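See below for the structure under consideration.
The values are calculated or read from the model by the stated rules, or taken from the named source; none is laboratory data. This structure is a prediction, so every number in the text was calculated from the model and none was measured. Please note: Cβ atoms are built from the backbone with ideal geometry, for glycine as well, and neighbour counts cover all protein chains shown.
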Amino acid sequence: MPRSKEIQEQRRTKVIEIYQSCKGYKAISKALGLQRTTVRAIILKWQKHGTVVNLPRSGRPTKITPRAQRQLIREATKDSRTTSKELQASLASIKVSVHDSTIRKRLGKNGLHGRFPRRKPQKNISVIAKTFGKIPCGPTRLKLIFFGRCVSRYIWRKSNTAFQKKNIIPTVKYGGGSVMVRSCFAASGPERLAVIDGTLNSTVYQKILKENVRPSVRQLKLKQSWVLQQDNDPKHTSKSTSEWLKKNQILEWSSQSPDLNPNEMLWHDLKKAVHARKPSNKAELQQFCKDEWAKIPPELCKRLVASYCKRLIAVIAAKGGPPSY
């Protein structure tokens, strides 16, 4: 049964005034057009509490215990980049099961709000030494750029702490300790991931194709009619590369069409997985890339290949504009 509309405080006060003039429930009910049970409830509340004003309600008890709340605040303060999903899993370890939105609300009530971190240039260690008069002890943490900009994620911080060192992302010129990789995949799964050292030119690109593409084709057990897909980067379309690729069928590719490339989905997942492991140097970054690439399930690759026709239809429907991908 739906809940009836709440009686206004003015009418509840009128009930008490008529009751004090020695009128009964029936007379009050008839005079104000209220149910007798409603009149009785108002009078009993007034007799017990001395008021007709709504009293504070206890509400549903929270599922986050004081211990769980202390753990939430401790973990979010210790590592401000911890996600609400990770905090949810941490609470599950102490048998507290709550939605991640509940965790965000509870942290907000304790002054820890989810915010995008500010990006500020990273100071050179010699500058820090001159500023503070001594070299800081311990290893320095490197900021690594992977496939361009890092994956965006919130941090937990209090108000007016946006520019504290732990709440910013240090940036460096020329990308810092970045790595460049090349890969291929088919419906049967991912194959080799090639890490590129130095500048990528036509010669290096041809070497990558020679050392990785044909072995990958054999490993993936593709038929002889396989087609190579690449974009229109100058290294891909140079005369020497085109000559080298004469024996293979190349898929014609439109310029400025990242929406057509199913590999973009895998790059996105790979970036998230690698940054979640927080590499501290370039060697770890390279190794984590290889590890996480090998973990990509073949089912995901198969779905991406199967959805390719739908992607083409969406692009045609958008008349060359950005589709809903």
Run residue 286 past the list (1) touching a residue at least 12 places away in the same chain (Cβ under 8 Å); (2) at positive phi and report the number of the one that doesn't hold.
(2)
Of everything in region 244-300, what is among the small types (Gly, Ala, Ser), outside any helix (DSSP H, G or I) and either under 24 Å from residue 229 (Cα atoms) or at pLDDT 80 or above (or both)? Give them in sequence order.
254, 255, 257
Could you say whether any residue in region 306-317 is exposed (fewer than 12 other Cβ atoms within 10 Å of the Cβ), outside any helix (DSSP H, G or I), modelled with pLDDT of 80 or more and more than 20 Å from the chain's Cα centre (by Cα)?
no
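Of the residues that sit in region 197-209 and are of a type outside the set (A, V, I, L, M) and out of contact with any Phe, Trp or Tyr (no Cβ under 8 Å at 6 or more places or on another chain), which one is nearest to residue 230 (Cα to Cα)? It would help to see each step written out before you state the result.
If we filter region 197-209 for residues that are of a type outside the set (A, V, I, L, M), which is where we start, we get 197-199, 201-203, 205-207.
This time we only want the ones that are out of contact with any Phe, Trp or Tyr (no Cβ under 8 Å at 6 or more places or on another chain), so: 197-199, 201-203, 205, 207.
Numbers: 197: 20, 198: 21, 199: 18, 201: 15, 202: 13, 203: 16, 205: 11, 207: 15 Å.
Top of the filtered list is 205.
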Residue 236 - would you say it is modelled with pLDDT under 80 and in contact with a Phe, Trp or Tyr (Cβ under 9 Å, 6 or more places away or on another chain)?
yes
Tell me the residue from 193, 144 that is under 30 Å from residue 299 (Cβ atoms) and either touching an Asp or Glu at 6+ places or on another chain (Cβ under 6 Å) or at pLDDT below 60 (or both), please.
144
Has region 104-122 got at least one residue that is small (Gly, Ala, Ser) and either at pLDDT below 85 or loosely packed, with under 12 Cβ neighbours inside 10 Å (or both)?
no
